[in-house]
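Accompanying notes for the structure given below.
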Amino acid sequence: MAVNTELQGASYSLPQPYEVSREAIAEFARAVGAENPAHFDAEAARGLGYADVVAPATFPVIPSQRCEGIYISSPEAGIDYSRVVHGQEQFEYVRPVVAGDRLAATTHVDGLREAGGNAMITTRTELSDAESGDLVVTVTSTIVVRGEK
């Protein structure tokens, strides 16, 4: 396995917070077929108790994968991106993501193991409010790096 297993326990952070905009939420909602007016209209979102337009449940994949990308593309990781396959994704929310949020992101490499000649990598990305530091959502991912045959 070419993946550097010594990086288990390592952490990687986005250099700047991810700015959640109304436009990004609407674009993502259209891309995934989410039609709830609260994803597009601030008044509709406020009517449901949100401070602004609310993101679809899987929206945090954007800043999460940007942060994971720092790890995956680091030369010391030993990951050949052309062999990467997405395994699974899980979201654990403390509160919804809304337009105007500034999300700090830190990816933790929680697990590295070999299975059937493939590397299985588990990452956990914590997205927190950049001002308060309060956790907003945790994204746990499994990345498969296919072995050579």
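The values are calculated or read from the model by the stated rules, or taken from the named source; none is laboratory data. For clarity, every value in this text was computed on a predicted model and none was experimentally measured. As a convention, Cβ positions derive from the backbone with ideal geometry for all residues, glycine included, and neighbour counts pool all protein chains shown. Quick note on the areas: whole protein, heavy atoms, side chains included, nothing else; ligands and nucleic acids left out. Shrake-Rupley method; radii C 1.70, N 1.55, O 1.52, S 1.80 Å.
Data overview
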item: Over the chain, relative contact order from alpha-carbon pairs under 8 Å, at least 6 apart, %; result: 30 percent
item: Rounded to the nearest 10 Å², the accessible area of SER82 at probe 1.4 Å; result: 80 Å²
item: Lys, Arg +1 and Asp, Glu -1 on Cβ, resulting dipole of the chain about Cα centre, debye, nearest 20; result: 360 debye
item: Theoretical FRET efficiency, 1/(1+(r/R0)^6), r = Cβ-Cβ of SER132 and ASP110, R0 30 Å, to 0.05; result: 0.75
item: Mean ellipticity per residue at 222 nm, deg cm²/dmol - from DSSP H runs of n ≥ 4 across the chain, formula -39500 (n - 2.57); result: -6000 deg cm²/dmol
item: Along each principal axis, Cα extent of the chain, largest first, Å; result: 54, 32, 21
item: In the range 35-89, the GluC sites (Glu not before Pro) that fall in loop regions by DSSP, at most 13 other Cβ within 10 Å; result: GLU35
item: Neighbourhood charge, 14 Å Cβ-Cβ cut-off, centred on GLU68 and excluding it, Lys, Arg +1 and Asp, Glu -1; result: -1
item: Inter-label distance for ALA31 and VAL85, nm, one decimal - labels placed 7 Å from Cα along Cα-to-Cβ; result: 2.3 nm
item: Rounded accessible area of ILE72 (nearest 10 Å², 1.4 Å probe); result: 20 Å²
item: Other-chain or far-sequence residues with amide H under 5 Å of ASP101's (modelled H); result: VAL20
item: Nearest-20 debye value, the range 24-91 charge dipole, Cβ charges on Lys, Arg, Asp, Glu; result: 60 debye
item: 13 Å beta-carbon shell around ALA38, net charge (K/R +1, D/E -1); result: -2
item: The range 62-149: translational diffusion in µm²/s, Stokes-Einstein, Kirkwood Rh over Cα pairs, 4 °C, 1.567 mPa s; result: 94 µm²/s
item: Cα centroid separation, the range 13-86 to the range 93-149 (Å); result: 12 Å
